[in-house]
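One structure below.
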Amino acid sequence: MKLNCEIIKDLIPQCVDEIASDDSVNLVMEHILTCESCRSEYEKQKNYTYNTNDNQVQTLIKIRKKLKRNKNRIIVIIVVMTLLLFLVVYILCFLQAIEKNHFIIMECMLLNL
Ligand SMILES: [Zn+2]
């Protein structure tokens, strides 16, 4: 139970900043229904966020959200580029194999003549 509370308290700031995944938000919401300590921590952080009028904090929160979105995009781009690279290498190997077979066939034909 103590470990769960530690994990939940780690996730609370991300939930409050609305950058946590849906699964994390659900986990936190389910937990704070039954845990007074985590609920008060969640409400404290939530109230702090709503009450703050500091533009710098709001700007930092927006930047953090953008960075998380960009991080996901970069991961997708890297995966796609890697798959394309493997595809190109596979095609090149395939073409090279065809070319080698073609030369072998040509040599056989020349030797038979
Ligand atoms: Zn708890």
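Tabulated data
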quantity: More than 16 Å apart - percent of Cα-Cα pairs taken over region 54-113; calculated: 69 percent
quantity: Shape box of the chain [Cα atoms, principal axes, largest first, Å]; calculated: 92, 37, 16
quantity: FRET efficiency estimate (nearest 0.05) - Cβ-Cβ, residue 34 to residue 64, R0 22 angstrom; calculated: 0.15
quantity: Gaussian network model of the chain, Cα within-10 Å springs - most flexible of 93, 38, 15; calculated: 93
quantity: Charge sum, other residues only, whose C-beta stays under 10 Å from residue 65's C-beta, Lys/Arg counted +1 and Asp/Glu -1; calculated: +3
quantity: Region 95-105 - phi-based ³J(HN,Hα) in whole Hz, Karplus 6.51/-1.76/1.60, Gly and Pro as x; calculated: 5, 5, 5, 4, 4, 4, 4, 4, 5, 4, 5
quantity: Spatially close lysines, pair count over the chain: Cα under 26 Å, gap of eight or more or interchain; calculated: 19
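Read the figures in this text as sums done on the coordinates, not as results from a lab. All of these numbers come straight from a predicted model, not from anything done at the bench. In this analysis, Cβ positions are derived from the backbone assuming ideal geometry, glycine residues included, and neighbour counts consider all displayed protein chains.
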